[in-house]
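The values are calculated or read from the model by the stated rules, or taken from the named source; none is laboratory data. The structure presented is a predicted model; accordingly, all values stated were derived computationally and were not measured. Methodologically, a virtual Cβ is constructed for each residue, glycine included, from the backbone with ideal geometry; neighbour enumeration extends over all protein chains shown. Heavy atoms of the whole protein, side chains included, go into the accessibility calculation; ligands, DNA and RNA do not. Shrake-Rupley method; radii C 1.70, N 1.55, O 1.52, S 1.80 Å.
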There are 2 protein chains.
Amino acid sequence: MVEFVLSCIYICIVLSSKFAEGEVRRFISDCLVACGASKENAAAHAEVVVAADVRGHYSHGLQRLDLYVCELREGATDGCALPRVVREAASSALVDGNNGLGTVVGNFCMDLAIEKARNTGIACVCTKGSNHYGIAGWYAIRASKQGLIGMSFTNAFPGVLATRAKEAFVGTNPISMAAPGKKSDNFELDMATSVVASGKVELALLKKESIPLGWMVDEKGQMTSDPSSAATSGILLPLGGTEMQSGYKGTGLGMMVEILCGILSGKCSA
Amino acid sequence: MVEFVLSCIYICIVLSSKFAEGEVRRFISDCLVACGASKENAAAHAEVVVAADVRGHYSHGLQRLDLYVCELREGATDGCALPRVVREAASSALVDGNNGLGTVVGNFCMDLAIEKARNTGIACVCTKGSNHYGIAGWYAIRASKQGLIGMSFTNAFPGVLATRAKEAFVGTNPISMAAPGKKSDNFELDMATSVVASGKVELALLKKESIPLGWMVDEKGQMTSDPSSAATSGILLPLGGTEMQSGYKGTGLGMMVEILCGILSGKCSA
C-alpha cells in the first residue's frame, strides 16, 4: 500500500444496527486474540472491520473475518507484529509491515505520513510485508479528520482483466482520497479500479441474484451474468468495461496503483 | 493544475510525419509570436503542442492552435507572462501563473516539484492563474525522464455528467502518471476521467462518423450516437458510463482532480 497526505465519494449506506457496534468490535477482537493476535492489534483491526460495515462496504466487514482468522491460524499473518521504518527522508518513508495485520500497518503508515506532511507540505509512505488492510478509505479519512487531504492505495491479488488480455492482470487495486469540507460535508472517495469490487459479485452470489453484463467475463472470455463464475475462473472487467467504453483507462489506473504500491515497495502482485 | 513528483498507458500512435516536426513547431511558434507571445514562451508552447500530435493526442495538437491564437489576440492569455511562487514549504508550493500560457506555467511547476522532491522524497506544486496546458502527460513524463515518478492533473470547464445529474458537473479533468522502466519500457498514463476526451467526439464529427452509445447524452439526457450534440448541449459521460457500470467512479475521479487543482489553488471550475 502507499499513502499520501496532502489534505471519498463513498456511496455511504449506514447500517441500521441490529447489533451494537461495540459488541461486534468486541466479538471480532476476541476472535483475533484467540488466534494469537495481541489485544492492541486485534482492537485496532476490529475498528476498521466494523467501520467497513457501517459505511456499507459489506465486502470488507464481517464477511472478511473468516479470512483474517484463517491467516492468523495458519501463520500467514503475525497478529503480534509491529511495523518498522526501513528508511526515510523528510517527506517519505519505506515501512516493513513485518507480516503484521494490514490495519495495524496501515494506521502506522498514515500516522507517519501525517506527521511528515505537517512539516513539509506533503508526504508519502510506502510499505512492504503487510496484509489485507480493510477499506482503503479508512486511512484517507484518518488524514482528513486532521484537516489534511489523505490518499491511500493498495495492490491486490490479480483478478481483473486488462483490455485485450485473456488472463487476470492486476488486482482490484483501489484508489481513495478524502478531503475535509465545511460543516463535515466531506469528500470521501474509495473505489476499486475494476467495474465493481469482487465483494459485489460475492454478495450477488449469496443473494442468488444475477449480475449485470459488463461486470465479469467467464472462463471463455465471454460476458457473464452468473456470479458463480467468480468462484471458478471468472475475471472482473476494469473500470470502463469494454475497449469501446475505455476499459483501458481502468487498466491504466490499476497499473498506476500497482506501481505506487507493488513496484515502489518491491512487492508487485501482478 | 497540480503536479506531484514521486519517483503512462499511452495508446501511443506515432504520426507518419507528412510535415517535419521542427517545421510544425516553427509554424506554431511564429503564430503565437505574431499574437504577442514572447519567443521563449512561444517555443516552449509549440514543443508541447507538437508532442501531443506525435503521441496521437490529436485533440491537443494543432487542432488547439486556433484556441491559443484566439486567447492571445483577445488578451485572455498573456503570452509574455512568467509564473511566480506565491508561497512554499519544503515539499510544496503554490504558484501564480499570472495568466500565462499553460505550458510555460506547467513546465515551471513540474521543474519546481522535481527540485523539491529530490530533496525530500516527494513534492507537490499547485497553480492558479494558468491556461490550457496541452497534454497532462507531458509534465508527468518530464519527471519520468529524470528518473522520478511524475503525476499531473488539471481541472477543465464543466462538460461531463455526474451520475444521476442532468447538467455538466466537472470537466474532463485528466489524470496522468509516468514512471521510468527498464530499457525505456516506461509506464505512461494520460487519461480524461470522462469515458472519452471531448477531442474524440470532435474528430468523429470532422470525419462525419457516429460515436458509440455510452459516450454522450443529448440535451434530453438520452444516449446519443450523434457527435454534433457536442456542439450544442451534449454532455460526456464519466468513465464507467451508466450507474450500473459504475459511472459514479468516473464522477468521483473527476471530483478528486477538481479538489486537487481547483479547490487547492482556489480556482474551482465546477
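Quick look at the numbers
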{"read-out": "Loss of accessible area when B meets A, both sides summed, Å² nearest 100, probe 1.4 Å", "value": "3500"}
{"read-out": "Normalised alpha carbon radius of gyration of the stretch B:81-133 [divisor 2.2 N^0.38 Å]", "value": "1.05"}
{"read-out": "1.4 Å probe accessible area per residue over chain A, in Å²", "value": "43"}
{"read-out": "Between the stretch B:147-205 and the stretch B:35-109, the Cα center-to-center distance that results, in Å", "value": "18"}
{"read-out": "Residue order for B:His45, B:His57 - accessible surface, 1.4 angstrom probe, largest first", "value": "B:His57, B:His45"}
{"read-out": "Efficiency of FRET between A:Ser225 and B:Asp226 - r from beta-carbon atoms, R0 51 angstrom, step 0.05", "value": "0.95"}
{"read-out": "Among A:Met191, B:Ile149, B:Met256 - extreme Cα towards positive end, dipole of the protein assembly as shown, charges at beta-carbon", "value": "B:Ile149"}
{"read-out": "Charge dipole of the protein assembly as shown about the Cα centre (unit charges at C-beta), most positive-ward option of A:Tyr68, B:Ile211, B:Val104", "value": "B:Val104"}
{"read-out": "For the stretch A:96-184, the Rg and Dmax computed from alpha carbons only, in angstrom", "value": "14.9, 48"}
{"read-out": "Label 7 Å beyond Cα on the Cβ vector: A:Ser233 copy-to-copy distances, nm", "value": "5.1"}
{"read-out": "Distances in nm from A:Lys182 to the matching label points in the other copies, shortest first (labels 7 Å along Cα to Cβ)", "value": "5.3"}
{"read-out": "Dimensions (Å) - the protein assembly as shown, Cα atoms, principal axes, largest first", "value": "77, 49, 49"}
{"read-out": "Across the identical copies, how the A:Phe157 labels are spaced - nm, sorted shortest first, 7 Å along Cα→Cβ", "value": "4.9"}
{"read-out": "Cα radius of gyration and Dmax for the stretch A:145-248 (Å)", "value": "15.8, 51"}
{"read-out": "Overall Cα dimensions of chain A, principal axis frame, Å, largest first", "value": "49, 42, 39"}
{"read-out": "Positive-pole candidate from B:Ala43, B:Pro158, B:Gly181, dipole of chain B, charges at beta carbon", "value": "B:Gly181"}
{"read-out": "Net +/- balance of residues flanking B:Gln63 in space, Cβ distance below 9 Å, scoring K and R +1, D and E -1", "value": "-2"}
{"read-out": "For the protein assembly as shown, size of Cβ-based charge dipole, Lys and Arg +1, Asp and Glu -1, in debye", "value": "340"}
{"read-out": "Qualifying trypsin sites (Lys or Arg not before Pro) in the stretch B:164-241, DSSP loop, other Cβ atoms within 10 Å at most 14", "value": "B:Arg164, B:Lys166, B:Lys207, B:Lys208, B:Lys220"}
{"read-out": "Computed label-point distance, nm, for sites A:Glu40 and B:Glu21 using a 7 Å Cα→Cβ extension", "value": "5.6"}
{"read-out": "Cleavage-rule hits (GluC sites (Glu not before Pro)) in the stretch B:15-95: DSSP loop, at most 12 neighbouring Cβ within 10 angstrom", "value": "B:Glu74"}
{"read-out": "Size of electric dipole in chain A: Cβ of Lys, Arg +1 and of Asp, Glu -1, about Cα centre, debye, nearest 20", "value": "420"}
{"read-out": "Within the stretch B:152-270, percent of DSSP bridges classed antiparallel, to nearest 5", "value": "95"}
{"read-out": "Charge dipole (debye, nearest 20) of the stretch B:132-218; +1 at Cβ of Lys and Arg, -1 at Cβ of Asp and Glu", "value": "200"}
{"read-out": "Per DSSP, loop GluC sites (Glu not before Pro) in the stretch A:197-270 with at most 13 further Cβ within 10 Å", "value": "A:Glu209, A:Glu219, A:Glu243"}
{"read-out": "Within the accessible area of the protein assembly as shown (1.4 Å probe), percent carbon and sulfur", "value": "54"}
